[in-house]
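Below is one structure, written out as structure tokens; comments come after it.
The values are calculated or read from the model by the stated rules, or taken from the named source; none is laboratory data. The model shown is predicted, which means the values in this text are computed figures rather than measured ones. Cβ coordinates were reconstructed from backbone atoms using ideal geometry, including for glycine residues, and neighbour counts include every protein chain displayed.
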Amino acid sequence: MNIIIELKTDDGKAIGAMTAPPKDFKTGSKGFYANGKLEIEGKRYQVQIQLVEIGSKPSGEQK
């Protein structure tokens, strides 16, 4: 399953969309992740979305 992220202004105008596929993070946690660039009013921005499942890190794992 992928997560579709829609970015909108406060008045509802769509300014971008991203797809966040599942990710196993280096910490052992699981979730979804996406990054990219978008343009808003002629300026470019870098976007990063991270959804981490609470409690998904294996117990007893130390960094």
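Some values worked out for this structure:
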read-out: Residue count, the stretch 14-51 (criterion: of a type in the set (S, T, N, Q) and closer than 12 Å to N2 by Cα); value: 1
read-out: Selection from the stretch 1-42 of residues that are of a type in the set (S, T, N, Q) and touching a residue at least 12 places away in the same chain (Cβ under 8 Å); value: N2, T19, T27, S29, N35
read-out: Residue, modelled with the lowest pLDDT, within the stretch 50-63, restricted to residues that are among the polar types (S, T, N, Q) and assigned to a loop (DSSP other than H, G, I, E, B); value: Q62
read-out: Residue match in the stretch 38-49 (condition: modelled with pLDDT of 95 or more, at negative phi and out of contact with any strand residue (DSSP E or B) (no Cβ under 8 Å at 6 or more places or on another chain)); value: yes
